[in-house]
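One structure is given below, encoded as structure tokens.
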Amino acid sequence: EEFEQHFPADFIAEGMDQTRGWFYTLHVIGTALFDKPAFNNVLCSGIINAADGKKLSKRHKNYTDPQEIFDKYGADSLRLTLVSSPAVVGETMRFSDDIVRDTYRNVFMTLWNVYSFFSTYAEVDDWQPPKVLKQPEPDNVLDKWLLSRLNQTIEEVTKYADNYELNRATRPLRELIEDLSNWYVRRSRRRFWKSEDDGDKQSAYLTLHYALVTISQLLAPWSPFLADKLWRELTEGMDLANSVHLSDWPKAGEVD
């Protein structure tokens with residue numbers, strides 16, 4: 001009974017060099033024994049070469065020790081770089097520390113700077129999130145726009161992830177983080193700065209908080225450590241799971 005619940009497998013992951021060996025053999029055995037394919041989807045990884053296109057080699061030392069990359073940019077940066085690359089769709093890629101650095105700066109530092117901006121002003125104003133997480137219903141057009149972009153991103157990430165198109169699943173999320181920082185926050189700064197605690201300021205807090213929490217959920221499969229850190233910081237005191245990895249995947253609302 002347990003076997004039948006897990007066969008065929010949802011997916012397997014292997015290298016491009018196994019397409020005529022392991023992939024094929026599994027289907028032959030599955031068909032011979034059970035008259036079914038062995039798996040429904042495959043994540044087929046391509047070949048990763050050095051920056052100059054040559055094969056990675058311990059002898060030639062033409063790549064950085066992964067532990068050094070972890071220490072400098074974090075494991076999440078390397079993970080997101082690889083899962084966003086052609087390597088996860090069976091293609092060959094050239095790897096360099098520079099592309100990990102770019103992911104670190106353009107995705108994680110950008111997102112963390114937005115969180116730092118939010119948390120700084122929330123602390124100054126002693127703003128606390130509601131107990132229950134739900135999408136705000138703002139009047140401000142900037143807030144409406146951000147929520148629409150967020151729902152659009154949930155739709156796209158979910159569609160591509162369900163289709164096991166990992167490199168396409170991460171792209172909308174990276175673009176959303178860029179828009180969040182360079183469009184929404186940049187044009188909403190004065191709403192957080194002003195001294196009076198009016199409805200518009202509350203709307204800005206609610207919207208930015210909701211967006212950051214939801215982004216942490218969308219980021220969780222690809223960058224599990226920063227996603228969980230953000231979730232824990234943002235949801236303290238709320239009636240939610242104590243880890244983003246125990247939360248339900250977000251559902252997309254209306255896209256305007």
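The values are calculated or read from the model by the stated rules, or taken from the named source; none is laboratory data. A quick note: this is a predicted structure, and the numbers were derived from the prediction, not measured. FYI the Cβ positions are ideal-geometry reconstructions off the backbone, even for glycines, and counts take in every protein chain you see. Side chains are part of the model used for accessible areas, which takes the heavy atoms of the whole protein and leaves out ligands, DNA and RNA. Shrake-Rupley method; radii C 1.70, N 1.55, O 1.52, S 1.80 Å.
For region 136-163, a residue qualifies if it is in a loop (DSSP other than H, G, I, E, B) and either at pLDDT 95 or above or open to solvent by less than 60 Å² (accessible area, probe 1.4 Å) (or both), and the qualifying residues are 136, 138, 140. Residues of region 57-68 include none that is under 28 Å from the mean Cα position of the chain (by Cα), in contact (Cβ under 8 Å) with a residue 24 or more places away in the chain, more than 30 Å from residue 229 (Cα to Cα) and part of a loop (DSSP other than H, G, I, E, B).
Pick from region 204-248 the residues that are assigned to a loop (DSSP other than H, G, I, E, B) and within 12 Å of the chain's Cα centre (by Cα): which of them is surrounded by the fewest Cβ atoms within 10 Å (Cβ to Cβ)? For region 204-248, the residue satisfying everything is 221. Among the numbered conditions (1) touching a residue at least 12 places away in the same chain (Cβ under 8 Å); (2) open to solvent by 60 Å² or more (accessible area, probe 1.4 Å); (3) within 30 Å of residue 215 (Cβ to Cβ); (4) under 23 Å from the mean Cα position of the chain (by Cα), the only one that residue 40 does not meet is (4). Considering region 204-221 alone, what residues qualify as being under 16 Å from residue 172 (Cα atoms) and among the polar types (S, T, N, Q)? Correct list: 214, 216, 217.
Every residue, every condition in (1) more than 30 Å from residue 106 (Cα to Cα); (2) open to solvent by less than 50 Å² (accessible area, probe 1.4 Å); (3) touching a helix residue (DSSP H, G or I) at 6+ places or on another chain (Cβ under 6 Å); (4) assigned to a loop (DSSP other than H, G, I, E, B), yes or no:
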position	(1), (2), (3), (4)
14	no, no, yes, no
23	yes, yes, no, no
29	yes, no, no, no
36	yes, no, yes, yes
52	no, no, no, yes
70	no, no, no, no
78	no, yes, yes, no
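If only residues of region 114-135 that are of a type in the set (Gly, Ala, Ser) and open to solvent by 20 Å² or more (accessible area, probe 1.4 Å) are counted, the one that is farthest from the chain's Cα centre (by Cα) is 119.
Looking across 83, 100, 89, one residue alone is farther than 20 Å from residue 219 by Cβ, within 20 Å of the chain's Cα centre (by Cα) and hydrophobic (A, V, I, L, M, F, W, C). It is 89. Pairs meeting the criteria (first residue in region 82-106 and under 12 Å from residue 72 (Cα atoms) and touching a residue at least 60 places away in the same chain (Cβ under 8 Å), second residue open to solvent by 30 Å² or more (accessible area, probe 1.4 Å) and assigned to a helix (DSSP H, G or I), beta carbons under 9 Å, at least 6 apart or on different chains) are lacking.
Residues in region 88-135 that are farther than 28 Å from residue 170 by Cα and in a loop (DSSP other than H, G, I, E, B): 125, 126, 127, 128, 130, 131.
I'm checking my understanding of the structure. Among residues of region 164-190 that are hydrophobic (A, V, I, L, M, F, W, C) and open to solvent by 10 Å² or more (accessible area, probe 1.4 Å), which one is modelled with the lowest pLDDT? Going through the qualifying residues, I end up with 166.
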